[in-house]
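Structure first, commentary second.
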Amino acid sequence: MAGSSEEAPDYGRGVVITDDWPGYDLNLFTYPQHYYGDLEYVLIPHGIVVDRTERLAKDIMKDIGNCDIMVLCVLKGGYKFCADLVEHLKNISRNSDRFISMKVDFIRLKSYRNDQSMGEMQIIGGNDLSTLAGKNVLIVEDVVGTGRTMKALLSSIEKYKPNMIKVASLLVKRTPRSDGFRPDSHMCDQ
């Protein structure tokens with residue numbers, strides 16, 4: 001199964017933002033005027049996001065090897081991160097010995113209604129998931145919270161017998177309700 005339910009060792013697979021991190025002073029950055037008065041500090045500068053996303057792409061290519069990839073982007077939050085990650089993956093592919101084919105599909109996951117868990121997850125959109133059979137699947141998500149929704153998605157996808165499933169996430173939220181799920185690659189713990 002993709003990801004891990006064990007406590008992740010701290011060996012550099014992500015940036016950790018501690019609870020007492022004060023952030024960067026706003027005077028160090030430029031930001032849109034419509035945010036003036038609303039922001040107190042910057043937690044993660046854009047350059048770090050870009051650099052970390054590029055490193056995630058390198059780690060993913062190393063993990064997957066010279067295999068074609070089916071990218072499954074979890075909307076709505078994962079769209080921008082997925083687009084940036086796929087662009088980095090394409091750049092790595094262009095500069096390698098073998099071209100890696102990538103197809104991207106989009107899904108939405110519905111497991112909450114009015115901020116309350118419904119107990120089961122519904123997959124909305126995406127082509128027929130049976131097309132994932134025998135494929136190398138990369139699920140791209142913006143935030144992994146408790147991990148329950150991702151585990152349910154993985155369980156649904158595994159029924160179609162893909163060759164490999166990897167999960168990449170922009171953020172992993174520290175929460176006492178976490179079931180311990182960790183994506184294979186992520187940018188930072190928040």
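The values are calculated or read from the model by the stated rules, or taken from the named source; none is laboratory data. All of these numbers come straight from a predicted model, not from anything done at the bench. Note: ideal-geometry Cβ built from the backbone for every residue, glycine included; neighbour counts use all protein chains shown. We work out accessible area using only protein heavy atoms, side chains counted, and drop any ligands, DNA or RNA first. Shrake-Rupley method; radii C 1.70, N 1.55, O 1.52, S 1.80 Å.
Close amide H partners of LYS166, meaning residues 5 or more places away or on another chain with modelled amide H under 5 Å apart, are VAL137, LEU138, ILE139. For TRP21, project a label point 7 Å along Cα to C-beta. Then give me every residue of segment 49-64 with its amide nitrogen under 12 Å of that point. From segment 49-64, the list is 49.
For GLN33 and GLN122, the difference between the fully extended length at 0.36 nm per residue and the C-alpha to C-alpha distance is 28.2 nm. Annotation: extensible slack from LYS90 through ASP68 equals 6.8 nm (criterion: 0.36 nm per residue apart, minus Cα-Cα distance). Residue ranking by accessible heavy-atom surface, 1.4 Å probe, largest first, among ASP97, ASP38, ASP84, ASP19 comes out as ASP97, ASP19, ASP38, ASP84.
Of interest is the spacing of the C-alpha centroids, which for segment 53-98 and segment 120-171 amounts to 16 Å. Placing pseudo-labels 7 Å out from each Cα toward the beta carbon at LEU75 and TYR160 gives an inter-label distance of 1.6 nm.
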